[in-house]
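Single-structure report; data block below.
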Amino acid sequence: QLQASGGGMVQAGSSLRLSCAASGGYFENYALCWARQAPGKERQFVAAVNWGGTTTYYADAVKGRFTISRDNAAKVMYLQMNTLRPEDSAVYYCGGIIWNTTTGYNWGQGTLVTVSS
């Protein structure tokens, strides 16, 4: 089970760090990802990290602004979001991912991020 947290309402240009905590299972065995869903839109891939935390990839829209990381000992994954834009507003979800794709699965409960201009 995955649970995202850390969302909130911020102004454009601000930063937020999202967390994704795991309960049960073998957290360290899986590649993980963040995705987001804005109102009226489909869920879209944001970033992925491999099981060891050594390799990552990002959607073009967030590349250079967002950083994904994980702490396997603590069973937590993070998404550091800098220079936030209004178009980053969405519900953010964490889940597993088929590596080298943008196909996620086992989505946890999301956390809402709202960026005002």
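The values are calculated or read from the model by the stated rules, or taken from the named source; none is laboratory data. Every value quoted in this text rests on a predicted model; they were computed, and no experiment measured them. Neighbour counts run over all protein chains shown; Cβ positions are idealised from the backbone, glycine included. Accessible surface is based on the protein model in full, side chains and every heavy atom, while ligands, DNA and RNA are left aside. Shrake-Rupley method; radii C 1.70, N 1.55, O 1.52, S 1.80 Å.
A 1.4 Å probe run over the protein chains yields, for the chain, 53 Å² of accessible area per residue, whole-number rounding. Kirkwood hydrodynamic radius computed over region 1-79 comes to 13.4 Å, based on all pairs of distinct alpha carbons. Converting phi to 3J(HN,Hα) with the Karplus coefficients 6.51, -1.76 and 1.60 and the offset θ = phi - 60°, region 102-117 yields 10, 8, x, 7, 6, 5, x, 5, x, 10, 8, 10, 10, 10, 9, 8 Hz in sequence order, with x at every glycine or proline. Backbone geometry of region 56-66 corresponds, through the Karplus equation with coefficients 6.51, -1.76 and 1.60 at θ = phi - 60°, to 3J(HN,Hα) couplings of 9, 8, 9, 5, 4, 5, 10, 4, x, 10, 10 Hz, x marking Gly and Pro. Between Gln37 and Ser69, residue separation times 0.36 nm minus the direct Cα-Cα distance comes to 9.5 nm.
Taking amide H as placed 1.01 Å from N in the peptide plane, Ser14 has its amide H under 5 Å from the amide H of Leu84, each at least 5 places away in sequence or on another chain. Once you list every other residue whose beta carbon is under 14 Å from the beta carbon of Gly6, what net charge do they have if Lys and Arg are +1 and Asp and Glu are -1? Overall, the nearby charge balance is +1.
Distance between the pseudo-spin-label points of Tyr105 and Met9 (7 Å out from Cα toward the beta carbon): 3.8 nm. For Val46, the amide hydrogen comes within under 5 Å of the amide hydrogens of Trp34, Ala35, Arg36, counting only partners 5 or more places away or on other chains and with H modelled in the peptide plane. For the peptides 59-71, 26-38, residues were scored by their other Cβ atoms within 10 Å and the scores averaged per peptide; the highest-first order is 26-38, 59-71. Residues in region 84-90 carry Karplus couplings, in order, of 5, 10, x, 6, 7, 4, 4 Hz; the curve used is 6.51 cos²θ - 1.76 cosθ + 1.60 with θ = phi - 60°, and Gly or Pro positions show x. For Ala31, nonlocal amide neighbours, meaning residues 5 or more places apart or on other chains whose placed amide H falls under 5 Å from its own, are Trp51, Ile97. What you get for the chain, charging only the Cβ of Lys and Arg (+1) and of Asp and Glu (-1), is a dipole of about 100 debye around the Cα centre.
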